[in-house]
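Asker: Right, I'll just put the structure down here and ask away after.
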Amino acid sequence: MTLVVVLVVLVALLVAAFVFVGWRDRNRLSGAEDTAAARDAASIQEQHAAERHGVQGEVWRRGQAGNG
């Protein structure tokens with residue numbers, strides 16, 4: 001009987017800890033400013049990637065013209 005009570009108490013504590021951590025993390029969700037900053041960062045990253053791709057294409061074209 002004592003073992004069952006101890007196990008029930010342990011399970012109840014684990015469930016309570018899980019619920020508390022989930023509640024705490026939901027309160028930490030990013031706000032509108034974080035979302036806007038992430039969107040701006042992704043836009044800048046895509047712009048740099050496009051510029052890098054263009055430069056690599058030019059280097060490749062110059063290399064092909066020189067071999068002919």
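Asker: Compute the accessible area per residue over the chain, keeping the other protein chains in place, probe 1.4 Å, unit Å².
Answerer: 93
Asker: Using only Cα atoms and rounding to the nearest 10 degrees, what angle (0 to 90) does helix 32-66 make with the longest principal axis of the chain?
Answerer: The two axes meet at around 30 degrees.
Asker: Tell me the Kirkwood radius of the chain: reciprocal of the mean inverse pair distance over distinct alpha-carbon atoms, in Å.
Answerer: Here the Kirkwood hydrodynamic radius works out to 17.6 Å.
Asker: While we're looking at this one, here's another question. With +1 on the Cβ of every Lys and Arg and -1 on the Cβ of every Asp and Glu, and nothing else charged, how large is the dipole of the chain about its Cα centre, in debye rounded to the nearest 20?
Answerer: 160
Asker: Could you please state how large a percent of the accessible area of the chain is carbon and sulfur, counting protein chains only and using a 1.4 Å probe?
Answerer: 66
Asker: Right, next: If the chain between Gln64 and Ile44 were fully stretched, how many nm would it gain, using 0.36 nm times the residue separation less the Cα-Cα distance?
Answerer: So the chain would gain 4.1 nm between Gln64 and Ile44.
Asker: Further question: Add -39500 (n - 2.57) for each DSSP H run of 4 or more in the chain, then divide by its residues: what number comes out at 222 nm, to the nearest 500 deg cm²/dmol?
Answerer: -32500 deg cm²/dmol
Asker: Also, I was wondering about something else. As I understand it, the value is the acute angle between the Cα axis of helix 2-27 and the longest principal axis of the Cα atoms of the chain; what does it come to in degrees, rounded to 10?
Answerer: Taking the Cα atoms of the chain, the angle to 2-27 is about 40 degrees.
The values are calculated or read from the model by the stated rules, or taken from the named source; none is laboratory data. Just so it is clear, the structure is predicted and the values come from calculations on it, not from any experiment. In this analysis, Cβ positions are derived from the backbone assuming ideal geometry, glycine residues included, and neighbour counts consider all displayed protein chains. We work out accessible area using only protein heavy atoms, side chains counted, and drop any ligands, DNA or RNA first. Shrake-Rupley method; radii C 1.70, N 1.55, O 1.52, S 1.80 Å.
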